[in-house]
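*Asks:* Right, I'll just put the structure down here and ask away after.
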Amino acid sequence: MIDRFLLFATSAMAPLLQAADSAPCRAGDGTRGGVPSKSFVDATGQAPLTPAPVQSPETAQPPKPGLAQQLRQTRLQLLNRMYIAAAGMALFYLPALWWAVADTGWNWLLALNGFFSGVGLVLFTLRRRIPVAWASVAITGSVAGIGLAGMAALGMVGAGYWWMLQAATFTATLYSLRAGVAIAAVSALVMTAIGVGFVSGHLGAGFDANEYVRSGSAWAGFLVAMVFAPTAVLLIFSGYQHTIKKLAGELDAQREALAALVGRDTLTGLPQATLAADRLQVAMHHAARTGRKVALLFVDLDAFKAVNDTHGHAAGDHVLRHVARQIRASVREQDTVARVGGDEFVVILVDVQDQAAACTVAAKILASSTGAVAWEGKRLNFGASIGIALYPDHAQDAGALRHCADVAMYEAKKGGRNRWRLAVAAPGGASAAPLAG
């Protein structure tokens with residue numbers, strides 16, 4: 001019988017629980033391409049930090065609510081389920097209440113239980129108008145009031161202690177664990193005082209216990225308290241658990257996305273400055289152990305600003321994606337191509353045999369990635385200047401190597417642009433060698 005009642009109670013509550021609303025999530029946007037127009041080398045010779053990549057206005061989604069807002073929405077959803085549970089329990093309890101009235105007539109305990117059942121129905125009806133704080137107090141107070149009245153009238157024979165336990169549970173859920181423990185402690189003191197009253201004879205049940213346990217109305221009320229109430233609580237907390245899992249999943253996804261975006265350029269899919277600096281450091285350590293060389297190529301596009309100014313950012317993005325693909329296709333799988341600025345790229349060639357090999361790759365990059373690119377029936381003309389520096393030929397640390405490549409790149413621009421230039425280590429700093437293409 002109890003199993004059938006539990007199944008019926010769950011089925012009856014399901015349509016009501018579906019009324020709980022969930023707020024839509026929203027995502028943020030930012031600057032084009034996710035990479036600032038900033039050199040790979042800053043004033044300190046270190047790789048600059050890059051801002052968080054963002055989406056274009058066409059693909060951007062509204063920002064997601066903050067964690068505090070999502071937690072507040074979760075609390076509101078939980079409170080809404082409590083409204084529904086209170087209304088459901090009231091609807092199930094009222095027939096048992098009228099049955100008890102028919103058996104024994106009205107008394108103060110039945111009247112009080114009827115009052116709190118009415119409170120549950122009123123809360124459900126006005127749930128969108130009542131402030132959250134008042135509603136929380138009303139729900140927990142009603143449950144505690146039912147328990148207190150039951151304990152005072154029936155002692156340990158009734159189900160009052162169960163309702164007082166539910167009041168502590170609801171308080172801990174809606175407020176905090178400390179508040180729930182405080183309510184539980186107060187409930188324990190109250191129950192102790194009531195117990196003392198019964199033991200001392202100041203309180204009494206005022207009925208025959210045998211008659212009470214043979215009463216159908218008493219058993220109906222007991223089933224509502226001991227079967228339906230736990231069912232409602234389980235349904236409430238199952239929804240709460242689902243929401244917490246959802247928030248945890250979103251948090252993990254955001255953490256993974258952030259980790260990926262810190263190291264990747266959203267426009268080209270290439271590593272950014274921070275990741276490129278790490279890979280350069282690893283490559284240099286490997287070269288120091290194996291006796292091989294590492295070549296760093298600093299690629300800066302020529303006439304890219306003119307493309308942006310004349311044809312717009314969409315055309316500039318098309319050029320950047322084209323250059324990224326062509327550079328990536330010009331090097332080996334173990335080499336690194338990174339976008340480190342608005343129109344700046346670096347290439348890290350590992351296990352290089354000599355300077356001539358690095359220069360050959362630079363010439364290949366110029367031949368494949370520069371010139372004219374078709375876009376919406378137009379031809380976008382641009383070039384590139386490449387500075388080349390090798391470890392350990394030109395520098396002994398990553399900062400100095402980047403500086404040598406940067407100086408060589410500017411020498412290439414001075415020499416007429418759309419060409420490459422190899423750097424050399426010279427007293428007092430890096431200078432460009434005559435070797436150029």
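*Asks:* Which far-off residues, 5 or more places away or on another chain, put their amide H under 5 Å from the one on Val424, with H placed in the peptide plane?
*Replies:* Ser431, Ala432, Ala433
*Asks:* I'd like the Karplus ³J(HN,Hα) series for the stretch 244-253: coefficients 6.51, -1.76, 1.60, θ = phi - 60°, whole numbers in Hz, and an x wherever there's a Gly or Pro.
*Replies:* My calculation for the stretch 244-253 gives 5, 4, 5, 5, 5, x, 5, 5, 5, 5 Hz in order.
*Asks:* Could I ask something else about it? Amide H to amide H, which residues 5 or more places from Lys293 or on other chains are under 5 Å from it, using H placed in the peptide plane?
*Replies:* Amide H neighbours of Lys293, under 5 Å, 5+ apart: Asp351, Val352.
*Asks:* Quick one: what are the phi-derived ³J(HN,Hα) couplings along the stretch 357-362, Karplus 6.51/-1.76/1.60 with θ = phi - 60°, whole Hz, x for glycine and proline?
*Replies:* Couplings: 5, 5, 5, 4, 5, 4 Hz.
*Asks:* Order of Trp219, Trp134, Trp163, Trp375 from fewest to most other C-beta atoms within 10 Å?
*Replies:* Numbers: Trp219 14, Trp134 10, Trp163 24, Trp375 17.
The most exposed by this proxy come first: Trp134, Trp219, Trp375, Trp163.
*Asks:* On the Cα set of the stretch 72-139, report Rg and Dmax in Å, please.
*Replies:* Radius of gyration, then largest Cα-Cα span, for the stretch 72-139: 13.8, 46 Å.
*Asks:* Another question about this same structure. Quick check on the stretch 318-367: what are the equivalent-ellipsoid semi-axes from the Cα gyration tensor, as sqrt(5λ), descending, whole Å?
*Replies:* Details: eigenvalues 76, 25, 18 Å².
Semi-axes from the Cα gyration tensor: 20, 11, 10 Å.
*Asks:* If the label point is 7 Å along Cα→Cβ of Ala182, which residues in the stretch 148-176 have backbone nitrogen under 14 Å from it?
*Replies:* 168, 171-176
*Asks:* Starting with the fewest neighbours, write out Tyr161, Tyr410 ranked by other beta-carbon atoms found within 10 Å of each beta-carbon.
*Replies:* Numbers: Tyr161 18, Tyr410 15.
The fewest-first ordering by Cβ neighbours comes to Tyr410, Tyr161.
*Asks:* Another question, if that's okay. For the stretch 297-437, what number results from the quotient of the Cα radius of gyration and 2.2 N^0.38 Å?
*Replies:* Values: Rg = 14.9 Å, N = 141, 2.2 N^0.38 = 14.4 Å.
Taking the Cα Rg and dividing by 2.2 N^0.38 Å, one obtains 1.03.
*Asks:* Please report the relative contact order for the stretch 362-421, taking Cα pairs under 8 Å with a sequence separation of at least 6, and give it as a percent rounded to a whole number.
*Replies:* Values: 82 pairs, mean separation 20.9, N = 60.
Across the stretch 362-421, relative contact order equals 35 percent.
*Asks:* Continuing with the same structure: With θ taken as phi - 60° and the coefficients 6.51, -1.76 and 1.60, list the Karplus ³J(HN,Hα) couplings across the stretch 191-197 in order, rounded to whole Hz; mark glycine and proline as x.
*Replies:* Per-residue couplings from phi come out as 5, 5, 4, 5, x, 4, x Hz.
*Asks:* Among Val346, Val337, Val186, what is the fewest-to-most ranking by other Cβ atoms within 10 Å?
*Replies:* Details: Val346 31, Val337 24, Val186 14.
With the fewest neighbours first, Val346, Val337, Val186 line up as Val186, Val337, Val346.
*Asks:* So what's the net charge close to Thr310: Lys and Arg +1, Asp and Glu -1, counting the other residues with Cβ under 15 Å from its Cβ? Provide the component values of the computation, followed by the final result.
*Replies:* Working: positive: Lys305, Lys378, Arg379; negative: Asp302, Asp309, Asp317, Asp343, Glu376.
Net charge in that neighbourhood comes out at -2.
*Asks:* What distance in nm separates the two pseudo spin-label positions at Asp103 and Tyr410, each 7 Å out from Cα along the beta-carbon direction?
*Replies:* Taking the two extended label points, one gets 9.5 nm.
We did not get these values from a lab; they are worked out from the coordinates using the rules stated. Note that the structure is a prediction, hence the values are computed from the model and not measured. Note that we place each Cβ from the backbone using ideal geometry, even for glycine, and neighbour counts take in every protein chain shown.
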